[in-house]
1. Mind checking which pairs have a first residue in the range 48-61 that is more than 19 Å from GLY78 (Cα to Cα) and a second that is modelled with pLDDT of 95 or more and not in a helix (DSSP H, G or I), Cβ under 8 Å, 6 or more apart or different chains?
2. Would it be correct to say that ILE62 is at pLDDT below 95, of a type in the set (A, V, I, L, M) and out of contact with any Leu (no Cβ under 8 Å at 6 or more places or on another chain)?
3. For ILE68, indicate whether it is of a type in the set (Val, Ile, Thr), surrounded by 10 or more Cβ atoms within 10 Å (Cβ to Cβ) and at pLDDT 90 or above.
Amino acid sequence: MAFEKLSESIEELKGNIKSYSKSNAEYFKLKAFKGGVKGVTAVVNLLLIFFFGVFALIFLSIAGAVAISAALDSPSAGFWIVGGFYLLLVILILLLRKKIGQFILTKASESFFK
């Protein structure tokens, strides 16, 4: 009698463990799916912002170059000035790339390990 009760309890425990593991697996599948969708959404948003930001920067640069050229009465001076400005930015970024990398690493580490 006690052996039968113990046997039933063990069978019930087996069923509960199977049900728990199945539910747990489904939960982690959903959690992984949610994380994947969040990641894809973030990447798409960043790409859209980058794409439209680059177009805005191009048009603003052209407009600025045309305005500078008109102010200086020289058809190409504004374009040379705007091009030189971007060249100075590239040189500055090249000189500071280690500090920029360290800053990004620090901020990403802080965000990741919170």
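The values are calculated or read from the model by the stated rules, or taken from the named source; none is laboratory data. Predicted model, so just to flag it, every value in this text is computed and none were measured. A quick note on method: Cβ atoms are made from the backbone with ideal geometry, for glycine too, and the neighbour counts reach across all protein chains shown.
1. Pairs that qualify, where the first residue is more than 19 Å from GLY78 (Cα to Cα) and the partner is modelled with pLDDT of 95 or more and not in a helix (DSSP H, G or I): there are none.
2. Details: at pLDDT below 95: no; of a type in the set (A, V, I, L, M): yes; out of contact with any Leu (no Cβ under 8 Å at 6 or more places or on another chain): yes.
No.
3. yes
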